[in-house]
Structures are given as structure tokens and as C-alpha cells.
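Bear in mind these aren't lab numbers, they're just calculated from the coordinates by the rules spelled out. Quick caveat, the model's predicted, so the values are computed rather than measured. Backbone-built Cβ (ideal geometry, glycine too); neighbour counts: all protein chains shown.
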Amino acid sequence: MKALSLIGLEKVYANGVRALDGINLEVDEGDFFALLGPNGAGKTTAIGIITSLVNKTAGKVEIFGHDIDQELEIAKSMIGVVPQEINFNQFEKVFNIVVNQAGYYGIPRAEACRRAEKYLRQLELWEKRDQISRSLSGGMKRRLMIARALVHEPRLLILDEPTAGVDIEIRRSMWEFVKGINEAGTTIILTTHYLEEAENLCRNIAIIDEGRIIEHNRMDRLLRKLHKEIVLLNLAGPVEAAPELDGYLCRRVDEETLEVEITDQRGLSALFEQLNSRGIVVQSMRNKSNRLEELFMDLVENRAGRQQAAAEGKS
Amino acid sequence: MRHRENWIGFKTIVLKELSRILRIWMQTLLPPVITMTLYFIIFGNLIGRRIGLMDGFDYMQYIAPGLIMMSVITNSYGNVVSSFFGAKFGKYLEEMLVSPLPNWLIILGHMAGGMARGLMVGIAVTIIALFFTELQLHSLPVTLSVALLTSAVFSLAGMINAIFAKKFDDIAIVPTFILTPLTYLGGVFYSINMLPEFWQGVSRANPILYMVNAFRHGILGVSDIGLGTAYAIIMVFLVVLFTTALMLMRKGVGIRD
């Protein structure tokens, strides 16, 4: 069963900006799905339409087979959303925010209180339940929005940059939490600018740019498309210039660091052999960026490059 | 099928509104009580003594129903406009918009919240009035029904104002430049029979005149306007404003991109 189907979804804002240009997208039930794209690509607009905060211009949205034009209330009852921006009443108590949200979904108060306790405990906010939400730290506010989104136990959870501005320790604990939610059967759609996050968590991915889906694939298949990897080598001693290496592109970053591009055809052994033969000793090695990040940049930049070339061709 | 869920959703909105009204009682309940006390002292007691009888009642008795209704109107309106616009401005209106709550229920929930504040303040002002004058109760059903319907009308008007408002200035313009003048010219302090014929006609275009007079009829048994006409006007406003609010919510005016 498809948790989400977007068919020919279009959005043109009143100022004429075409935010979505007929996107088609399917997310399977139980999936952990990444929706990535540069700023202004249309991710948040798509999420806004799915959660009915934005009116679509054309196209169709189905949540577990329920068309939002025909069965909006049923479709909405199946979605939980953690938005990019803080959107709870900053003067309300933490516990009330979660319990009220349950009420909006028709959950009786006793059950709402039980669930609020469950999720606030799981997200380590139970001790803060009587505090005014404004007094919470940034990370706590993000976790409160997750508790609020889960209180009606949705089948589809949409996380729009849930870890933005959160320190790495809290980010990792949030990853573990949402992994658990997904393993328990909730379909998750994640947008994030931390591509490491998407690579670690998601099984399927779509990349959106300028309102169009430019890639829609399984994460492992997509990553296999990346035929090169760039590594940084920290050297034991200084080098004056980048060495000439057979089959490798090499650049000197500073006197003790080299940047080397490694393709699928060439392994690491030949690289080290060549470096050893030149008396260059490598102390440590790390990836310049994560693989998804490189692929993402390739896709987005290639598209921009093609568009520019087409524009120049026309003129 | 969703009756039970809708009822729980409605109760949640109303309880949230009540909790807000009581939490910030210094802003919601106290100021109208102080203002109305001053009205009773200055207009009723000090100036009213020199005015004499109006429609057979001393001036304090005559203006008391109008002042109670004025509090109901301004507080019902003020509650919804500030609560709904606050939720919109703070983005937490999205909590309701993403939920399965139907638009009509969101409207009804906020309307009930506005009515609750209007009636709370109305009761408080009635108690204050009893310190200054004696009030008879000509008809409890008329008094209650007019208070309830009027507070519903102005709660809906407040909601429509909040839907259109883009900044805090926008929620002050209507109360300052439209609501307050209409209330003052709506027969709170005088009978329109005292006006020249032309101004009587102009006054009849003011909907608040009908509400104030119907309420005065409920308490004192006197009115410048026929009761049937007053109810008809109030009901027309109620239906038109509710339909307008529903249409705006459905279209997403001011709340959805």
C-alpha cells in the first residue's frame, strides 16, 4: 500500500512563483523516505499541501488511498507533522500543548493524558511538563513538536528538518527515537539539510529542485551512481607540491594535506603504493564530504549547469 | 461517524479558550469591570442625577442594560480577534489546521470561547450595576437569548477580522473606528426617540441599536425597536457572519498560502 501518492502536483503562488511543477511521487507504507532539495526547491510547499496548510493549484494527493479532495478529514487523521519552524503556543504549558493536540484529533482526555505522558517520557520532556514552553531549549522545543505530532499515533509522520539547529548528541538521540518509531510501523518522510542524517536513516530518496523531482530511487542504488569519492590525506611530513599520481587526481590543500579523487576503477592500494614510492607517508584519511552530499551536489549543480547552457544556447 | 471526535475537538477548543481567559484575567476580565464601574459612577451617578427620567426609569437604570450589552459586545469581539489572530501570528493555528477538525467546528469553538468571555464580563458588569441601581428582570428568556445571540454575532465578527488581519494594527482598527462609534450611537446612553427624525432613521441602520434595545426590553421592558425586528436582524447577522467565516476558512483566506 502507498502511504503517500502525489500525482501531477502543482503550486503557483499568488506572486507567480511556480513552487511545484507537476511532481509525481510515491512513498510505500513503512518506508523511511528522504525528500531532499536545496533551499526553495519546493519541499516545504509539498509538505504544506500534504498537510493542507497550502492550497494546491493542480494535481492529486492521496494518503493511504484517501484523496485529500474527497476525504480530507480521514486523510488528515493519518498524518503527523513536525514543521520546520516552532509553531506551538509559547505561553502554554508543555503538557497542555500535547494534550490539546490529542483533543483536536478526537482523543478523549484520559487517553490523551496517558499518551502525552508516554511520549513526553520517551522524548525526555516529562520533567518539563509543567513548564511554559517558551522556557525550553531549542532541542527540547524540537522534541516537544515530535511528541505533539505522535500523540494521535499517525500512520504517516512527516519530519521537516526536525534536527535543524540541534547539537549532535541530541540529534543522534532523535535519530534513534525516530528509527524506533519507523521500526514499529510508522511511515516517515524526512526533509533535512544534514545529508548524513538522510543517508543513515532513509531507505528511499527523492531529490527535488526548482519544483521538479530530479531523482527518485532507493538510497543504496542512488549511492552506487556515485562513481568517485574525494578523500583528504593527512601526511606525516610536509610536501611542497601535489605529486603526479597515475590514475588519480591529486591536489595539495596545505603542506601536510592532500585531496585525492578516487574513482570506482582505481582502489586505495594503488594510491598508497604510489605515495609510498614517493616517500609520502599518510598518517590518517577521511572523506571530504559524505557520499550523498557529493551526489546531491552533482545532481543539483549539473541541472543548474544544463539550464544555464540551454539559456546561453537560446541567446 | 465523527460526531464523538468532533465533540471532543469542540470541547478542547472551548476549554483552551476558557483557560486563556482565566490565565490572563488581568487583561480579559478586570479592565471591562473597571471601565464599566467608571461609567456607572460618572454617567449614571454624577451626570445621570441631573438628567432625570428616561422612558419612565431613572437614568442609571436606563443605561445599565446598554452598558452590560456594550461589555458583552466588546469582549466577545475582543476575545476571538486576539485569540485567533494570536494563534495565526504565532503559527500555532496550524495545530488545528493540520488536524481533522472541520472548519465549521474551529469557528464554533472560537465563537463559544468569545461568548464565554462576553457572558462572564456581562455577569460581572451586572453585579457592578446592582451596587449602583436596582434592576428588575422583565423577561429572563429575552435577556438571556439576546445576550447569547449578540455575543455569538460579535465573536464571529471578531473571527472574520482576525482572518483578514496581517498585523496587530489590523485587529485594533475595527474596534476603534467602527465598533466603538456604533456602540456609542447604538442607544446605550439615550433613547433614539430623543433624536430628530432624520437621525432616528440613520440610527436604525446601526445593528447594535437592535441588540441594545432588545436587551433593554428583556431587563426593563422598554425598547425603541420591536422585539421581532430585533431578533430578525440579529439572526440575519448571525447567519451571514457564520457563512462568511466558513467561506473564508474553506478558501484559506489569510490562513493558508
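Out of the DSSP beta bridges found with both residues in chain A, what percent are antiparallel (nearest 5)? Of the beta bridges lying entirely in chain A, close to 70 percent run antiparallel. Orientation-averaged projection of the stretch A:228-291 equals 3.9 nm² [convex hull of Cα atoms, one quarter of hull surface area]. Residue-wise HN-Hα couplings along the stretch A:213-218, as the Karplus relation 6.51 cos²θ - 1.76 cosθ + 1.60 with θ = phi - 60° gives them from phi, are 7, 9, 7, 8, 7, 6 Hz; Gly and Pro carry x.
Once backbone amide H atoms are built at 1.01 Å from N, A:His66 has no partners under 5 Å, excluding neighbours fewer than 5 places away on the same chain.
Is it possible to state the helix-based mean residue ellipticity at 222 nm for chain A, with each DSSP H run of 4+ residues giving -39500 (n - 2.57), the sum divided by total residues, to the nearest 500 deg cm²/dmol? What is it?
Working: 10 runs with 115 residues, N = 315.
Result for chain A, helices only: -11000 deg cm²/dmol.
P(r) tail for the protein assembly as shown: Cα pairs beyond 37 Å make up 49% of the total.
Can you list which of the trypsin sites (Lys or Arg not before Pro) found in the stretch B:166-257 are DSSP loop residues with at most 10 other C-beta atoms within 10 Å? Before the final figure, lay out each step's value.
Values: sites: B:Lys166, B:Lys167, B:Arg204, B:Arg216, B:Arg250, B:Lys251, B:Arg256; in loops: B:Lys166, B:Lys167, B:Arg204, B:Arg256.
Loop-located and lightly packed - B:Lys167.
Here B:Phe198, B:Phe237, A:Phe177, B:Phe215 are placed in order of increasing Cβ neighbour count within 10 Å, fewest first, which gives B:Phe198, A:Phe177, B:Phe237, B:Phe215. By the gyration tensor of its Cα atoms, with a ≥ b ≥ c the square roots of the eigenvalues, what is the shape of the stretch A:96-226: rounded for a/c under 1.5, prolate for a/b over b/c, or oblate? Here the stretch A:96-226 falls in the prolate category.
Taking only Cα atoms of the stretch B:107-242, what ratio of Rg to Rh do you get with Rh as the Kirkwood inverse-distance radius?
0.97
Per-residue shielding of B:12-25, expressed as the average number of other chain Cβ atoms within 10 Å of the residue Cβ, stands at 3.
Taking amide H as placed 1.01 Å from N in the peptide plane, the amide H of A:Leu249 sits under 5 Å from that of A:Glu261, each at least 5 places away or on another chain. For the stretch A:59-69, backbone phi angles converted through the Karplus equation (6.51, -1.76, 1.60; θ = phi - 60°) give residue-by-residue couplings of x, 9, 10, 10, 10, 6, x, 9, 6, 5, 7 Hz, Gly and Pro being listed as x.
Over all directions, average the projected area of the Cα convex hull of the stretch B:3-251 and note it in nm².
Details: hull surface 54.9 nm².
Averaged projected hull area, Cα only: 13.7 nm².
Ellipticity at 222 nm from helices only: DSSP H runs of n ≥ 4 in chain B, each -39500 (n - 2.57), divided by the residue count, give -23500 deg cm²/dmol.
Run through the DSSP bridge list for the protein assembly as shown and note the antiparallel percent, rounded to the nearest 5.
Numbers: 41 of 57 bridges.
Percent antiparallel among DSSP bridges in the protein assembly as shown is about 70.
With the Kirkwood sum run over all distinct C-alpha pairs, chain A has a hydrodynamic radius of 22.1 Å.
Computed over Cα pairs, the Kirkwood radius of the stretch A:1-148 leads via Stokes-Einstein (1.567 mPa s, 4 °C) to a diffusion coefficient of 76 µm² per second.
List A:Cys113, A:Cys202 from most exposed to least, where exposure is judged by having the fewest other Cβ atoms within 10 Å. Mind showing how you got there, number by number?
On the way: A:Cys113 15, A:Cys202 23.
Listed from fewest to most nearby Cβ atoms, that is A:Cys113, A:Cys202.
3J(HN,Hα) along the stretch A:81-98, derived from phi through the Karplus expression 6.51 cos²θ - 1.76 cosθ + 1.60 where θ = phi - 60°, amounts to 9, 10, x, 5, 9, 4, 9, 10, 5, 6, 9, 9, 6, 3, 4, 5, 4, 6 Hz, with x in place of Gly and Pro. Rounded to the nearest 20, the Cβ-based charge dipole of the protein assembly as shown about its Cα centre (Lys and Arg +1, Asp and Glu -1) stands at 1720 debye. Taking amide H as placed 1.01 Å from N in the peptide plane, the amide H of A:Ile214 sits under 5 Å from that of A:Ile207, A:Ile208, A:Asp209, each at least 5 places away or on another chain.
Within 14 Å, Cβ to Cβ, of A:Asp28, how many net charges do the neighbouring residues add up to if Lys/Arg are +1 and Asp/Glu are -1? Before the final figure, lay out each step's value.
Numbers: positive: A:Lys2, A:Arg155, A:Arg203, A:Arg218; negative: A:Glu26, A:Glu29, A:Asp31, A:Glu62.
Cβ neighbours under 14 Å give a net charge of 0.
Between B:Leu38, B:Gly252, A:Cys250, the Cα set farthest toward the positive side of the dipole of the protein assembly as shown (charges on each charged residue's Cβ, about the Cα centre) is that of B:Leu38. Between the alpha-carbon centres of the stretch B:227-253 and the stretch A:113-161 there is a gap of 38 Å. Across the stretch A:147-289, the volume of the C-alpha convex hull divided among the residues equals 167 Å³ per residue.
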